[in-house]
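The values are calculated or read from the model by the stated rules, or taken from the named source; none is laboratory data. From a predicted model like this one, the values you see are computed outputs, not experimental measurements. All Cβ positions, glycine included, derive from the backbone under ideal geometry; neighbour counts span all protein chains shown. The accessibility values were calculated without ligands, DNA or RNA, using every heavy atom of the protein model including side chains. Shrake-Rupley method; radii C 1.70, N 1.55, O 1.52, S 1.80 Å.
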Amino acid sequence: MRRILAILLENEAGSLSRIVGLFSQRAFNIVSLTVAPTEDASLSRITIATEGDDKILEQIVKQVNKLIDVLKITDLTERQHVERELLLIKVLAMNDKSRTEVKRITDIFRGAIIDIGKQVYTIQLTGDADKLNAFINTLANETEIIESVRSGCVGIARGEKALRAK
Amino acid sequence: MSTELHTGAELVVKALSALKVKYLFGYPGGTVLDIYDALFKQQDVEHILVRHEQAATHMADGYARATGEVGVVLATSGPGATNCITGIATAYMDSIPMVVLSGQVPTGLIGDDAFQETDIVGCSRPIVKHSFNCRDISEIPNIIAKAFYIASTGRPGPVVIELPKDLLMPGQSAEFLLDAEIKMRSYNPTVKGHHRQIKKAVQAITQAKRLVIYSGGGIIIANAAELLQALVEKLNAPITNTLMGLGGISGLHDNFIGMLGMHGSLEANKAMAHADVILALGARFDDRVTNNVKKFCPNATIVHVDIDPTSISKTINAHIPVVGLVDIVIKQLLAELEETNYLINQENNQDWWQQINQWRNEKSISYENEVEGGKIKPQRVIQAMYQATNGEAYVCSDVGQHQMFAAQYYPFAKPRQWINSGGLGTMGFGLPAAMGVKMAFPDSHVICITGDGSIQMNIQELSTCMQYNLPVVIISLNNRSLGMVRQWQDMVYGGRHSSSYMESLPDFVKLAESYGHIGIQINSLDELDEKLAQAFAIKNQLVFVDVLVDEKEHVYPMQIRTGAIDEMWIKKGVKA
């Protein structure tokens with residue numbers, strides 16, 4: 001089962017490598033990982049998408065918590081949450097027909113064309129993983145995909161619940 | 001008020017001195033020469049020069065296990081640091097408090113593949129509790145204090161500190177400032193068990209008909225032996241120890257039913273298999289205990305007390321988990337038993353003991369002493385060793401058959417008497433660990449029990465023993481082969497002894513003598529007791545006792561692979 005873990009940890013040299021090392025050392029799976037400092041520059045927040053049954057997830061949460069740098073970890077998928085991922089994708093747009101079609105699909109998915117070349121469009125889209133997958137599949141049926149990059153997902157709990165240092 | 005400025009090297013030594021470090025085990029080299037210079041100019045911290053950095057880590061480890069203090073190591077960058085890796089992993093697996101100070105090339109050269117550069121923080125990451133890269137000289141004292149705090153609290157473990165040479169040399173200086181209190185917002189180990197879990201645990205324990213207490217190294221680390229004994233006696237419960245937990249209850253206590261697991265006693269493994277409630281105290285259901293986890297004690301309710309939440313429900317699901325320091329949790333359990341006016345159900349208790357005593361009567365920890373040719377049985381040597389030391393020695397073991405024989409045949413009356421590499425199984429651990437123990441307790445008998453394989457993995461330390469006058473007694477059960485490997489080859493690999501013998505052993509007596517020690521060889525049973533007594537009578541010199549033992553002897557009992565905890569070979573060809 002796919003899970004999204006949010007981790008709050010000290011923004012110090014080596015703290016990311018401890019997280020990544022732990023996952024590989026204990027044969028846990030990383031589907032995607034994003035990291036950046038928070039509004040408090042002494043803290044970083046990591047979002048990891050992972051897969052595993054309840055037993056594995058329990059170990060992941062405990063093992064991450066055990067790292068000295070880690071303040072908090074939470075499984076966002078346990079409760080209502082918002083999940084977003086950013087996609088940048090470059091596709092072939094050589095003639096009027098394909099340009100029109102790419103623009104139409106992009107509008108339907110509420111994406112934005114953010115750059116154009118002689119023969120290519122670059123599109124930006126945010127959403128959850130399912131939406132991004134659907135968009136990529138639809139585009140692939142209409143034109144050729146030159147290149148794509150995904151940020152990996154970030155997430156936040158709905159409502160009052162928050163992941164904070166205190 | 002004028003401020004006194006110090007070099008980084010001086011700050012390191014001042015911090016160690018402020019933390020009351022008596023001994024620093026290490027080996028000099030380029031990047032740490034400033035620290036060695038600072039050590040030379042003071043008297044508080046004594047440096048012990050080993051012959052190989054691996055031995056420095058095991059010495060610090062042995063010292064830590066015997067005293068409960070943090071063991072401290074100093075090594076240079078590159079090969080000095082990487083030589084520490086095995087010792088760090090050994091300490092990590094057995095939760096031993098240790099701080100390793102490693103040199104590093106100057107900050108400006110890091111990443112350039114400079115001479116003697118390795119990323120030791122990276123190399124050691126999977127086998128440390130935590131590590132620090134020092135990048136600012138003024139941080140040095142507080143980083144060292146934090147390292148000691150992390151190493152010795154919660155579930156203890158090794159901490160590595162990397163010190164680049166430019167921070168240590170003259171040229172940079174800083175004040176010696178140490179925070180009065182260590183505060184870390186991201187590290188607050190739980191100490192007390194949750195009261196609701198304590199109530200649940202006591203409910204399960206008091207309703208049990210067939211309770212077993214299964215205790216591990218956590219009892220030793222937490223100095224909880226007396227509390228454990230009180231709990232055992234309050235419940236009149238049978239108690240078994242893991243390999244790491246031996247001495248947690250006296251090996252001579254009536255309720256002690258022996259070590260459990262792969263080479264455990266029949267009664268310990270049977271009691272576990274038949275228990276309706278298992279109270280695990282500071283133990284972690286290691287695979288050398290459980291055997292096949294799918295068949296592990298299916299009818300038991302498991303109460304698991306551990307300071308480390310990751311140990312709970314990792315291999316075996318705990319029905320009642322209790323996270324907390326085991327000494328404090330035992331106190332809570334005793335208080336709750338008191339409050340609920342617990343009385344033993346005599347009928348259930350007697351039935352259970354009757355059953356256990358039947359298993360005990362099978363005398364699974366036994367061997368045949370009479371063999372043709374008068375060959376010495378290794379088990380007999382351990383018994384002789386026990387007699388000669390009145391059961392009071394510190395026994396520091398290497399890894400292999402001799403380790404299991406010592407665990408089975410030397411009942412440890414007290415915690416910290418038994419010192420061995422249980423988790424990692426590090427051959428070469430025994431001698432340097434014994435040296436570390438001897439540093440701490442010079443007036444006690446300190447034995448290194450070893451074999452002809454293990455002893456050669458750190459034999460160079462005989463030289464260190466000479467330099468610092470460390471008269472440990474080395475007892476080598478010499479079977480001219482790698483006994484445990486050979487045993488598995490006999491039992492599992494059709495008797496094909498692939499690379500398991502030693503065809504070019506040195507003359508250990510002469511070898512010991514060449515280092516300036518005393519060597520004694522024992523090769524017949526009738527001289528065993530007398531010569532061992534002789535060896536232990538020598539107080540001021542190291543004695544190397546080379547005992548030629550029966551090379552065909554196997555360690556029994558032994559769990560049958562893929563079986564349940566109590567499926568065992570009792571002796572050759574006989575199943576339990």
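Annotations for the structure displayed:
- With the simple model of a label 7 Å out from the Cα in the direction of the Cβ, B:Thr190 to B:Glu338 spans 2.4 nm.
- Full-extension gain in nm, B:Met491 to B:Leu49, via 0.36 nm per residue minus C-alpha separation: 154.9 nm
- Distance between modelled label sites at B:Ala230 and B:Asp351, nm, 7 Å Cα→Cβ extension: 3.1
- Chain A - mean residue ellipticity at 222 nm from DSSP helices (-39,500 (n - 2.57) per run, n ≥ 4, rounded to 500): -9500 deg cm²/dmol
- Normalised by residue number, the volume inside the convex hull of the Cα atoms of the stretch A:82-154 is 72 Å³ per residue.
- Around A:Thr50: net Lys/Arg minus Asp/Glu count, Cβ-Cβ under 10 Å: 0
- Efficiency of FRET between A:Ile146 and A:Glu39 - r from beta-carbon atoms, R0 35 angstrom, step 0.05: 0.45
- All C-alpha to C-alpha distances of the stretch B:5-175, sorted into 5 Å bins beginning at zero, yield P(r) values of 2, 10, 20, 24, 23, 14, 6, 1, 0 percent in whole numbers.
- Within the stretch A:59-96, the residues that become at least 40 Å² less accessible when every protein chain is included than when their own chain is isolated (1.4 Å probe; DNA, RNA and ligands ignored) are A:Gln59, A:Lys62, A:Lys66, A:Ile68.
- The separation of the stretch A:73-114 from the stretch B:518-576, counted between C-alpha centres, amounts to 71 Å.
- Cross-link partners for B:Lys331 among the aspartates and glutamates, with Cα-Cα distance under 13 Å and sequence neighbours closer than 8 places in the same chain left out: B:Glu226, B:Glu339.
- To put it simply, the accessible area of the stretch A:82-154 at a 1.4 Å probe is 49 percent carbon and sulfur.
- The simple Förster model, with R0 at 45 Å and r as the Cβ-Cβ distance, assigns B:Ile570 and B:Phe441 a FRET efficiency of 0.75.
- Within the stretch B:488-576, none of the chymotrypsin sites (Phe, Trp or Tyr not before Pro) combine a DSSP coil assignment with at most 11 other C-beta atoms in a 10 angstrom radius.
- Taking every protein chain into account, the accessible area of the stretch B:345-441 amounts to 40 square angstrom per residue (probe 1.4 Å).
- Solvent-accessible surface, computed for protein heavy atoms with a probe of 1.4 Å, shrinks by 10 Å² or more for the following residues of the stretch B:116-140 when the other protein chains are added to the isolated chain: B:Arg125, B:Pro126, B:Lys129, B:His130, B:Ser131, B:Asn133.
- About the centre of its Cα atoms, the stretch B:5-175 shows a dipole size close to 560 debye [charges on the beta carbon of Lys, Arg (+1) and Asp, Glu (-1) only; nearest 20 debye].
- Candidate aspartates and glutamates - alpha carbon under 14 Å from B:Lys571, same-chain residues fewer than 8 apart omitted: B:Glu362, B:Glu368, B:Asp490, B:Glu553
- Segment A:Met94-A:Ile108, length gained on full extension (0.36 nm per residue, minus Cα span): 3.0 nm
- Heavy-atom accessible area ranking, 1.4 Å probe, most first, across B:Arg210, B:Arg125, B:Arg65: B:Arg210, B:Arg125, B:Arg65
- Where a label projected 7 Å from the Cα of B:Lys183 along Cα→Cβ would reach, residues of the stretch A:65-79 with amide N under 20 Å: A:68-72
- For the stretch B:372-555, the alpha-carbon radius of gyration amounts to 0.96 times the rule-of-thumb value 2.2 N^0.38 Å expected for a compact globular protein.
- Eigen-decomposition of the gyration tensor built on the alpha-carbon atoms of the protein assembly as shown gives equivalent ellipsoid semi-axes of 50, 35, 26 angstrom, largest listed first.
- Here the mean projected area of the convex hull built on the C-alpha positions of the stretch B:195-360 is 8.3 nm².
- Counting lysine pairs in the stretch B:372-555 that sit 8 or more residues apart in sequence, or on different chains, and whose Cα atoms lie under 26 Å apart gives 16.
- Per residue, the convex hull spanned by the Cα atoms of the stretch B:38-101 amounts to 82 cubic angstrom.
- Interface size A-B, as summed buried accessible area [1.4 Å probe, Å², nearest 100]: 1700
- Taking chain A as the region of interest, the number of lysine pairs whose Cα atoms are within less than 26 Å, with members eight or more places apart or on different chains, is 18.
- Dipole in debye (nearest 20) - the stretch B:341-409, about Cα centre, beta carbon charges: Lys, Arg +1; Asp, Glu -1: 160
- Fraction of beta bridges assigned by DSSP in the protein assembly as shown that are antiparallel (%, nearest 5): 45
- Here the spin labels are modelled as points 7 Å beyond Cα on the Cα-Cβ line, and at A:Leu86 and B:Asp119 they lie 2.6 nm apart.
- A loss of 40 Å² or more of accessible area (1.4 Å probe, protein heavy atoms, ligands and nucleic acids excluded) relative to the isolated chain is seen in these residues of the stretch B:277-313: B:Thr310, B:Ser313.
- Taking the 1.4 Å solvent-accessible surface of the stretch B:84-132 as the whole, the part contributed by carbon and sulfur is 60%.
- The stretch B:306-391 pair-distance distribution - Cα-Cα, 5 Å bins, rounded %: 3, 10, 9, 8, 11, 13, 15, 14, 9, 5, 3, 1, 0
- Solvent exposure of the stretch B:5-175 amounts to 33 Å² per residue of accessible area, where only protein heavy atoms count and the probe is 1.4 Å.
- The helix-based estimate of mean residue ellipticity at 222 nm for chain B, built from -39,500 (n - 2.57) per DSSP H run of four or more residues and divided by its residue count, is -10000 deg cm²/dmol to the nearest 500.
- Percent accessible area from carbon and sulfur atoms, the stretch B:251-355, protein chains only, probe 1.4 Å: 48
- P(r) weight above 43 Å for chain B, C-alpha pairs, percent: 23
- For B:Lys146, a cut-off of 12 angstrom between C-alpha atoms picks up these aspartates and glutamates, skipping any fewer than 8 places away in its own chain: B:Asp179, B:Glu181.
- Across every pair of non-identical alpha carbons in the stretch B:145-199, the mean reciprocal distance, once inverted, gives a Kirkwood radius of 14.8 Å.
- Its Cα gyration tensor gives the stretch A:2-78 an equivalent ellipsoid, and the semi-axes of that ellipsoid, as √(5λ) in whole Å with the largest first, are 20, 13, 11.
- Axis angle, to the nearest 10 degrees, between helix A:129-142 and the longest C-alpha principal axis of chain A: 20 degrees.
- FRET E, pair B:Ser498, B:Asp529, Förster distance 45 Å, beta-carbon r, rounded to 0.05: 0.80
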